[in-house]
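Encoded as structure tokens, the structure appears first; notes follow it.
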Amino acid sequence: MREHSLRRPNSTKVPLLKRFSAKYFVDDKTGCWLWTACKHRQGYGMIKVNRKMEMSHRVSWELQNGPIPKGEGYHGTCVLHKCDTPACVNPSHLFLGTNADNAADMVSKGRHKAGEKMSNSKLKEADVLLIRDDPRPGRFLAKVYGVSPSLIWSVKRRTCWVHL
């Protein structure tokens, strides 16, 4: 009987570029290279590199352009999508930016959640418009709408619900 092993010897390790190239297909309509392998819950592709799971669009950028430069801030340098398709790994659809650039890109393309789209929103757009025009005290309005006085204050000063 032949001995069988589940582990591959190191000499047969498949190079990253070859493994990467086998995990996407090209969408002829959009030009996106759509990741078909493991995905993050938000739709971003994932691939194992040096025993660590990495986001496939970041790996794609590095395969095409070299290492992503270190950046300031919590997330460092981000790899953003021009096409707004999380599963896309086409390097021509990717660009570098900061976390602030990523947030601004999201807002400019209308992909952010604001107002009633927020799952924890206690007010409706109509309520916000009424609150802004209502001259009664914030504490009174807070009780009427079942929210905190600080939320009423923010609504009236337009530091929240700024899209209205």
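Structure notes:
- The chain - percent relative contact order, Cα under 8 Å, separation 6 or more: 14 percent
- In the elastic network of the chain, a GNM with C-alpha springs shorter than 10 Å, the most mobile of SER108, SER154, SER56 is SER154.
- For VAL49, the amide hydrogen comes within under 5 Å of the amide hydrogens of GLU54, counting only partners 5 or more places away or on other chains and with H modelled in the peptide plane.
- Modelled FRET efficiency - R0 30 Å, HIS163 with LEU96, Cβ distances, 0.05 increments: 0.60
- Highest-MSF residue in the chain out of ASP27, ASP105, ASP127 [GNM, Cα springs under 10 Å]: ASP127
- Between 0 and 90 degrees, the angle of helix 99-108 with respect to the longest Cα principal axis of the chain falls at about 60 degrees.
- Counting other Cβ atoms within 10 Å as a rough exposure proxy, the listed residues LYS52, LYS82 run LYS52, LYS82 from fewest neighbours to most.
- Over segment 8-164, the hull volume per residue, using the convex hull of the C-alpha atoms, is 155 Å³.
- Residues in segment 56-70 that a label on LEU17 would reach, taking backbone N under 18 Å of a point 7 Å out along Cα→Cβ: 57-68
- In this label model, ARG111 and ASP28 are separated by 2.6 nm, measuring between points 7 Å along each Cα→Cβ vector.
- Rounded to 10°, Cα long-axis angle of helix 56-65 versus longest principal axis of the chain: 60 degrees
- Gaussian network model of the chain, Cα within-10 Å springs - most flexible of THR30, THR77, THR85: THR30
FYI, it's all coordinate maths here, none of it is from the lab. Everything numeric here is computed off the predicted structure, so don't read it as measured data. All Cβ positions, glycine included, derive from the backbone under ideal geometry; neighbour counts span all protein chains shown.
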